[in-house]
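Reading through the structure tokens given below for one structure.
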Amino acid sequence: MSATASRCLRLLSSKTTPALRRDRTISGRFINSLRPTTTRPSLQRRFNATLASPSSSSSPSPSSSSSAAASSSSSSSSSSSTSSPPSSSPPPATTVAEDDPAGPVSKHIRDQIKFGGPISVANFMRSALTHPEGGYYMKEDVFGARGDFTTSPEISQMFGELVGIWFITHWQSLGSPKDVRIVELGPGRGTLMADVLRTLAQFPSFHKTIRGVHMVDASPFLRTMQAQTVAPGVVLEEGSATVSREDGLNVHWHEVLDDVPSDMCTMFVAHEFFDAMPIYKFELTEDGWREIVVALEPKTE
């Protein structure tokens with residue numbers, strides 16, 4: 001640990017801070033979640049209600065395989081001699097049954113495939129998570145003891161305090177710039193940023209350089225919750241994307257990172273954000289790399 005971080009910790013511990021929040025129920029559930037389990041029934045029920053679960057076919061029909069191959073990427077060089085032997089057949093297409101009950105997300109995905117052909121795994125994930133009419137993150141609080149999972153900031157404020165100290169030490173390593181922007185990607189409930197800002201407020205030399213806090217989140221529901229957390233008592237009006245905190249900091253919300261200005265020193269934090277990033281999936285075949293896509297499963301009698 002650097003000398004700067006050590007001094008920050010001593011100063012922080014000498015100041016009066018709120019008692020450790022988060023109740024024993026949350027901590028207990030978090031500890032229990034570390035024990036080996038075979039299923040996550042709560043999560044599965046919630047996801048099933050949002051979208052009919054896809055199934056991966058080990059013996060895809062010819063139509064599914066050809067659809068996957070047609071939408072795959074171009075061939076690349078073959079693997080080296082130390083790689084596993086490539087598959088002799090095209091990668092299977094993950095399938096969604098045509099006759100599944102049509103929730104808004106499921107219908108949207110099926111219509112996409114019917115009219116445009118198989119879609120990428122990234123497209124499938126993006127729709128399942130952020131579709132405005134039923135995406136997983138769009139209309140419910142999925143965090144904490146009553147949700148599907150608990151993240152570090154929800155267990156103890158100490159996590160956010162340590163992240164705040166990291167900001168200070170990193171700021172000093174950059175030469176203590178006079179203008180700083182702080183950005184969080186996927187802020188959840190806003191708990192982490194609230195703890196970070198409360199910590200930074202105890203270090204005026206850094207706090208006075210903050211020109212704005214920017215939160216990037218696609219969910220209107222979560223943006224409202226974040227505003228209540230980082231600026232208690234201040235309401236994020238409908239159609240608005242900015243609130244002002246009591247300490248004078250303005251907090252701004254954006255749906256995409258490209259909307260965040262880039263005209264000054266910008267420091268990022270992204271906690272458990274990349275876990276849910278839509279991804280593209282590929283498989284090495286005898287003809288090179290091919291993209292695995294999502295297709296419709298033909299109806300069976």
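The values are calculated or read from the model by the stated rules, or taken from the named source; none is laboratory data. As the structure is a prediction and not an experimental result, all values here were calculated from the model. A quick note on method: Cβ atoms are made from the backbone with ideal geometry, for glycine too, and the neighbour counts reach across all protein chains shown. Note: accessible area is taken over every heavy atom of the protein model, side chains too, but ligands, DNA and RNA are not part of it. Shrake-Rupley method; radii C 1.70, N 1.55, O 1.52, S 1.80 Å.
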In segment 167-179, anything assigned to a helix (DSSP H, G or I) and either over 12 Å from Phe206 (Cβ atoms) or touching a helix residue (DSSP H, G or I) at 6+ places or on another chain (Cβ under 8 Å) (or both) is listed as Phe167, Ile168, Thr169, Trp171, Gln172, Ser173
Filter result (of a type in the set (Phe, Trp, Tyr) and either at pLDDT below 90 or exposed (fewer than 12 other Cβ atoms within 10 Å of the Cβ) (or both)) within segment 205-247
Phe221
Could you look through segment 137-191, keep only residues that are polar (S, T, N, Q) and in contact with a strand residue (DSSP E or B) (Cβ under 8 Å, 6 or more places away or on another chain), and pick out the one that is nearest to Thr266 (Cα to Cα)?
Thr151
Only one of (1) modelled with pLDDT under 95; (2) open to solvent by 30 Å² or more (accessible area, probe 1.4 Å) does not apply to Gln172, and that is (1)
Taking Ser88 as meeting all but one of (1) over 30 Å from Ser262 (Cβ atoms); (2) modelled with pLDDT of 90 or more, write down the number of the exception.
(2)
Tell me, which residue of segment 228-263 that is in contact (Cβ under 8 Å) with a residue 40 or more places away in the chain and in contact with a His (Cβ under 7 Å, 6 or more places away or on another chain) is nearest to Ile210 (Cα to Cα)?
His252
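Each row is one residue, and each column tells you yes or no for (1) of a type in the set (Ser, Thr, Tyr); (2) at pLDDT 90 or above; (3) open to solvent by 20 Å² or more (accessible area, probe 1.4 Å); (4) touching a Lys or Arg at 6+ places or on another chain (Cβ under 6 Å).
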{"residue": "Val105", "(1), (2), (3), (4)": "no, no, no, no"}
{"residue": "Gly116", "(1), (2), (3), (4)": "no, yes, yes, no"}
{"residue": "Glu184", "(1), (2), (3), (4)": "no, yes, no, no"}
{"residue": "Arg189", "(1), (2), (3), (4)": "no, no, yes, no"}
When you check His271 against the structure, is it in a loop (DSSP other than H, G, I, E, B), in contact with a Pro (Cβ under 9 Å, 6 or more places away or on another chain), of a type outside the set (A, V, I, L, M, F, W, C) and open to solvent by less than 60 Å² (accessible area, probe 1.4 Å), yes or no?
yes
Taking segment 118-155 as the region of interest, how many residues are part of a loop (DSSP other than H, G, I, E, B), modelled with pLDDT of 90 or more and open to solvent by less than 20 Å² (accessible area, probe 1.4 Å)?
0
